[in-house]
Amino acid sequence: MHPPEMRARALRARGSDIRSVARALSLPYTTVWHWCVDRPEPRMTGTAARCFRCSPDVGYPTDPAAYSYLLGLYLGDGHLVTTDRVPVLRIYCADAWADLVDLCDAAMKAVLANKVQRIRKKGCVAVQSTGTHWPCLLPQHGPGKKHERSIVLCDWQRRILTAHPGYFLRGLFHSDGCRVSNRVTVRGKAYVYPRYMFVNESADIMGLCQWALDLLGVAWRMNRRNSLSVARREAVTTLDRHVGPKS
């Protein structure tokens, strides 16, 4: 049984020489021939009809900005359960930021979800969607905690985020970050200035945050092992345009 995305790649190449397509995909000639000639393409339903990695008729991706934002939320406070009959994407949104639930809900629907549920938890809301094809779009899922395993972007993800680093950072800061007022006293005079903080135990996720900030030319520094700070006035102004406070 070949994965759906393999069949989709073959179908995209219809009109080309079948033998060369089979060779490029390392598949038997007869398999590709049956897909392209002998058997009609099955009608995709549910999330399969919206998965840009599996359906040749879906744009790449459906909404790249929403995908970038959703990936940031997932890497921060998300969890993909693949042990159930149908995979479940679940992202936890703190009660303190009411609009975050709506933003997360909208991003899921823009990317893949046909339906989104909101489950009340103590101190937060679990925004979740079931869909067979969530693992196709979130290949960073795996057993255990994120900081205990490698988190590396696929080439196709890196291309999307390179084009939309601000939305990716928005998702990261909306999940594991904040915008605060920093108070300092110099020679007896008190000063208050805004700064962004991002905290994550995963060195890989922290590295992705640093990479996206560099793409936008935003100055940052590590104030602790697991904590990043953006405090320069021009850097905060840039993040205000792309991220903004959770509210």
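The values are calculated or read from the model by the stated rules, or taken from the named source; none is laboratory data. What you see is a predicted model; the values in this text were computed from it and never measured. Neighbour counts run over all protein chains shown; Cβ positions are idealised from the backbone, glycine included. Side chains included, ligands, DNA and RNA excluded: accessible areas come from the protein's heavy atoms. Shrake-Rupley method; radii C 1.70, N 1.55, O 1.52, S 1.80 Å.
Checking each residue in the range 65-91 for being touching a Lys or Arg at 6+ places or on another chain (Cβ under 9 Å) and over 15 Å from LYS146 (Cα atoms) picks out ALA66, SER68, TYR69. The single residue among LYS145, LYS122 that is out of contact with any strand residue (DSSP E or B) (no Cβ under 8 Å at 6 or more places or on another chain), basic (Lys, Arg) and more than 25 Å from ARG225 (Cα to Cα) turns out to be LYS122. Going by what's in this entry, would VAL152 be described as open to solvent by 80 Å² or more (accessible area, probe 1.4 Å), touching a residue at least 24 places away in the same chain (Cβ under 8 Å) and in a loop (DSSP other than H, G, I, E, B)? Answer is yes for this residue. Candidates are the residues of the range 159-169 that are over 12 Å from LEU75 (Cα atoms) and not aliphatic (A, V, I, L, M); the one that is most open to solvent (accessible area, probe 1.4 Å) is ARG159.
Just a yes or no: is a residue in the range 194-207 of a type outside the set (Gly, Ala, Ser), assigned to a strand (DSSP E or B), touching a residue at least 24 places away in the same chain (Cβ under 8 Å) and under 27 Å from LYS109 (Cβ atoms)? Yes, that holds for at least one residue. Looking only at residues of the range 130-149 that are polar (S, T, N, Q) and part of a loop (DSSP other than H, G, I, E, B), we find that the one that is nearest to the chain's Cα centre (by Cα) is GLN140. Criterion applied to SER150, SER181 was being closer than 26 Å to VAL88 by Cβ and either among the acidic types (Asp, Glu) or out of contact with any Phe, Trp or Tyr (no Cβ under 6 Å at 6 or more places or on another chain) (or both), and the one residue passing it is SER150.
When restricted to residues that are open to solvent by less than 10 Å² (accessible area, probe 1.4 Å) and outside any helix (DSSP H, G or I), the range 208-242 contains 5.
Within the range 170-207, restricting attention to residues that are surrounded by fewer than 18 Cβ atoms within 10 Å (Cβ to Cβ) and within 15 Å of SER227 (Cβ to Cβ), the residue that is nearest to the chain's Cα centre (by Cα) is GLY207.
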